[in-house]
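Asker: Structure below; questions to follow.
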Amino acid sequence: MLKKNILFVCLGNICRSPAGEGIARVLCQDLDSIGKIDSAGLGDWHIGHPPHKTMRRVAAERGFPIDDLKARIVVPEDFNAFDFILAMDQNNLKHLLEMQNRVGGKAQVRMLYDDKTSVPDPYYGPEEGFYESFDIINRGVTLFLRSFSQ
């Protein structure tokens, strides 16, 4: 069986997409059909930095530690290295599809949720927003991964 590689993408790769990666790493431990799991951002502001401190705390409280992650930017090679590139919001999706139109690649670029629900960016908001976004991502990753466990 060919393993599927998954990339989670948000704007800066310090809040939503590392949460998606952390959740998927834990939930995929027993799924033989999943290979590489990673996250990246569309902007280069935070390259090499760990996830946002509040998101790290929320993730750890929920049982999905992400302290070891470092932000990186989406690169053209990602569109062939990954089978699924999952955007956290409509704007991310638009930019990813524009990139894929320029560079090609096999990846299925789509929203985390089939119904195209966007995950709110908690970066500038209150602490509660990090919990809300994390829980939305957790539900989305769980739903997405169900198709691999059937």
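Asker: Kindly indicate whether C28 is more than 25 Å from G125 (Cα to Cα), of a type outside the set (K, R), in contact (Cβ under 8 Å) with a residue 40 or more places away in the chain and buried (at least 18 other Cβ atoms within 10 Å of the Cβ).
Answerer: So C28 fits the description; yes.
Asker: Filter the range 77-126 down to residues that are among the aromatic types (F, W, Y) and touching a helix residue (DSSP H, G or I) at 6+ places or on another chain (Cβ under 6 Å), then give me how many there are.
Answerer: Result for the range 77-126: 2.
Asker: All but one of (1) closer than 19 Å to H95 by Cβ; (2) at pLDDT 95 or above; (3) β-branched (V, I, T) hold for T117; state the number of the condition that does not hold.
Answerer: Every condition holds for T117 apart from (2).
Asker: Anything in the range 120-137 that is β-branched (V, I, T) and over 11 Å from M88 (Cβ atoms)? List them, or say none.
Answerer: Correct list: empty.
Asker: Restricting to the range 100-150, and then to whatever is assigned to a loop (DSSP other than H, G, I, E, B) and among the β-branched types (V, I, T), can you tell me which residue is surrounded by the fewest Cβ atoms within 10 Å (Cβ to Cβ)?
Answerer: T117
Asker: Looking at the range 22-46, which of its residues are modelled with pLDDT under 95, out of contact with any Leu (no Cβ under 6 Å at 6 or more places or on another chain) and not small (G, A, S)?
Answerer: C28, Q29, D30, L31, D32, I34, D44, W45, H46
Asker: Continuing with this model, one more query. Residues of the range 29-83 being closer than 26 Å to V103 by Cβ and in a helix (DSSP H, G or I), which ones?
Answerer: D78, F79, N80, A81
The values are calculated or read from the model by the stated rules, or taken from the named source; none is laboratory data. Treat the numbers as computed from the prediction; the structure is a model and nothing was measured. Don't worry about glycine lacking a Cβ; one is built from the backbone with ideal geometry, like all the others, and counts go over all protein chains shown.
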